[in-house]
């Protein structure tokens, strides 16, 4: 099975990573911010074709607060 076939799992993982990075959730044991950024980049690079274009836009620009807000409610405008 390809990594991106279960996109609901990918979006769940994105939400967990973004929650640590911008949402204030505690870092999992053995991980640091650098590891979280690497995991975000890995998802972005691996699932580029399957990701929602707006989410990809936010991840490409490292607009993680907007990406996190978009995950919570894609219908809201996501301006600073």
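Neighbour counts of other Cβ atoms within 10 Å put 33, 43 in the fewest-to-most order 33, 43. This ranking places 64, 58 by how few other beta-carbon atoms lie within 10 Å of each, fewest first, which gives 64, 58.
Per residue, the average separation of C-alpha pairs within less than 8 Å and at least 6 apart gives segment 7-72 a relative contact order of 41 percent. Full extension of the segment from residue 8 to residue 27, taken as 0.36 nm per residue of separation minus the current Cα-Cα distance, would add 4.6 nm.
Sorting 26, 46 from the fewest to the most surrounding beta carbons within 10 angstrom yields 26, 46. In a fully extended conformation the segment linking residue 72 and residue 19 would gain 18.0 nm over its present Cα-Cα distance, using 0.36 nm per residue.
Values in this text are rule-based calculations from the coordinates and carry no lab data. Quick caveat, the model's predicted, so the values are computed rather than measured. So basically every Cβ, Gly included, is an ideal-geometry build from the backbone, and we count neighbours across all protein chains shown.
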